[in-house]
Amino acid sequence: MDLALPSTRRSCSCDQKAAKALGIPAGSRLVAGPKKLSLRILQDFSGSNGSLEKSSHPQGVGPQVKDGDRGIQHQHEDVNPGGTKGSKLAALFEHPLYKIPTPEVTDRDKLFVVNPMEKFSLRSSGSDEWVSNSKAKMVLPTGKTAYDTYPAWLKFHVGINRYELYPRQNPLTPALIEDLATLKIVSSVQKSGGTQLKLIMMFPNYGQALFKPMKQTRDQETPVDFFYFSDFERHNAEIAAFHLDRILDFRRIPPVSGRLVNITQEIRDITTDKKLAKTFFISPAGNVCFYGECSYYCSTEHALCGKPDQLEGSMAALLPDKTLAKRRSWRSPWRRSYHKSKKAEWELNPNYCAQVKETPPYNRGHRLLDLIDMTVLDFLMGNMDRHHYETFEKFGNDTFLLHLDNGRGFGTHSHDEMSILAPLQQCCRIKKSTYLRLQLLATEPYRLSDVLREALASDRLAPILAEPHLRALDRRLAKVLAAVGECLAKAGQEQDVVVDDAARPREREKRTPA
């Protein structure tokens, strides 16, 4: 969590108070001020490569959907598994496979321990400034707790625990998504690092989001001659990845929403980033453009332009700042070579998984199974760019993997890249809970393309995915199940392939040191 203020804004004690709410001692270096908690050290979701045709729409108006497309978008939402009219997505989340309880969360399983006496609210003077009320004489409404005064982003942060990034059916998630799409933007600065431009936006309640601008239209596919490391980052892929991850019941991607941004009013006029400010210009067509400063794809040739100043993009909720909640980055064993001609070892050695299983942290616990979960997600999206992943350091090896940086998914719908499935095919292991949900999503009442289509229809930039990408999901899901089937045929016994993870939480509690 980063409550530091830009240097041009009036300082207040909100950062110290919010840190106090998380149980951080007074005077800690973690809340020493803006120099210690800079906007530039927030989570890097990685940016975008290249620039193709940009498009946007008048402010407050989403992308236009043709009548035919609208019919396609809703034609599968009329009948639920019970044969009555209703939502397939709601029916999916009511299925017993989506009701499996998580273990009891103790204080040591929480990322933060909340101070139950700390209260926050907006000033009543008409200002948008968000302040702590720990010393104010404020009486909470009957039945309310201090937690109820927290903004959605802070509730999201304090709700993170060893077992999940956010709960399955929690009203906080849609509330946070609504904030990402609608709250006033009071600060915009460029996110450092990466090969292309991305911005960090701050809201009046001190929540922050990562903005990835639109790079290509939804019906464009990645050129066949592009290497995976030269692929474009797609804002709609970030949005779709969040909803797909939730439908698979992984819940390891922070909430993401689509949003139309006014380049002039919400970036250029309010930025305190001098380097970014120097890159704005008016194109020959009269559109407002900018390109920022980064390693490779920040130049006038790769500029981002509005129409005339409206630009759509994805707004992703940031994770707590790394100075407050350290994360560890792990190199994926199935990382690609990122070379035009060289191959990685896993591409040459069919028995590669045997040595992975003998190497920490994959030689114990559920880390390998979690990585195979991520493999399934990547294959369904067509994402070949999973070179690293992260975990929260506090929980050691006994926690989930964060599925960050998904902008290179959904680039090609006409090709299924089978090499992405290498961890599953070489190790022949998969969680029972994952396998059962994949089988469920392959049935007509809960068809994956239908439930994802319905989930994406709620986004302000809908339609998020072109129809061929949705159809490709069903085809790829069948290939994942076929790969598991081949493993079962070779193994002979199901338990050698399908690992029962239901007992894992109890075993986890015994293994985890105090």
Next on the checklist: Could you tell me the relative contact order of segment 182-316? Use alpha-carbon pairs under 8 Å, at least six residues apart, and round to a whole percent.
Outcome noted: 32
Checklist entry - Cα-based Rg (one decimal) and Dmax (whole number) for segment 364-514, in Å? => result 16.6, 50
Next on the checklist: As an exercise, find the ratio Rg/Rh for segment 250-407 from alpha-carbon atoms, using the Kirkwood inverse-distance average for Rh.
Outcome noted: 1.07
Checklist entry - What's the carbon and sulfur percent of segment 420-506's accessible surface, probe 1.4 angstrom, rounded to a whole number? => result 50
Item to check | Value of relative contact order over segment 260-353, rounded to a whole percent, pairs C-alpha under 8 Å and six or more apart | outcome: 21
Item to check | Estimated inter-spin distance, Ala90 and Asp107, nm [label 7 Å along Cα→Cβ] | outcome: 4.0
Item to check | Computed E for Ala354/Gln265 - FRET, C-beta separation, R0 35 angstrom, nearest 0.05 | outcome: 0.05
Checklist outcome for this item: Here the FRET efficiency for Ser337 versus Ala502, based on Cβ atoms and R0 = 41 Å and rounded to 0.05, is 0.60
Item to check | Neighbour cut-off at most 14 other Cβ (10 Å), DSSP loop, chymotrypsin sites (Phe, Trp or Tyr not before Pro), segment 226-332 | outcome: Phe227, Tyr296
Checklist entry - At a Förster distance of 30 Å, what's the computed FRET efficiency of Arg327 paired with Lys274, Cβ-Cβ distance as r, to 0.05? => result 0.55
Checklist entry - segment 325-364 to segment 297-320: how many Å between their Cα centroids? => result 33
Checklist entry - Which loop trypsin sites (Lys or Arg not before Pro) in segment 340-411, with loop taken from DSSP, have no more than 15 other Cβ atoms within 10 angstrom of their Cβ? => result Lys340, Lys342, Lys343, Lys357, Arg364
Next on the checklist: What does the C-alpha gyration tensor say about the overall shape of segment 263-306? Classify as rounded when a/c is under 1.5, otherwise prolate if a/b is larger than b/c, or oblate.
Outcome noted: oblate
Checklist outcome for this item: In whole µm²/s, the translational diffusion coefficient that Stokes-Einstein assigns to segment 240-315, given a Kirkwood hydrodynamic radius over C-alpha pairs, 37 °C and 0.692 mPa s, equals 232
Checklist entry - Using 7 Å Cα-to-Cβ label points, what is the Ser299/Ile282 separation (nm, one decimal)? => result 2.6
Item to check | segment 431-507: relative contact order in percent, alpha carbon pairs under 8 Å with at least 6 residues between | outcome: 42
Checklist outcome for this item: Note: His388 to Met117 extended length (0.36 nm per residue) minus current alpha-carbon separation gives 93.7 nm
Checklist entry - According to a simple spin-label model (label point 7 Å from Cα along Cα-to-Cβ), what is the distance in nm between Ser414 and Ala442? => result 2.7
Checklist entry - Considering only DSSP states other than H, G, I, E and B, which trypsin sites (Lys or Arg not before Pro) in segment 161-211 qualify as loop sites with at most 15 other Cβ atoms within 10 Å? => result Arg168, Lys184
Checklist outcome for this item: Of the listed links Lys212/Lys432; Lys184/Lys394; Lys99/Lys212; Lys342/Lys431; Lys110/Lys184; Lys212/Lys322, those spanning more than 24 angstrom between alpha carbons are Lys212/Lys432; Lys184/Lys394; Lys99/Lys212; Lys342/Lys431; Lys110/Lys184
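The values are calculated or read from the model by the stated rules, or taken from the named source; none is laboratory data. Given the structure is predicted, the values throughout are model-derived calculations rather than measurements. Cβ coordinates were reconstructed from backbone atoms using ideal geometry, including for glycine residues, and neighbour counts include every protein chain displayed. The area values use the complete protein model at the heavy-atom level, side chains included, leaving out ligands, DNA and RNA. Shrake-Rupley method; radii C 1.70, N 1.55, O 1.52, S 1.80 Å.
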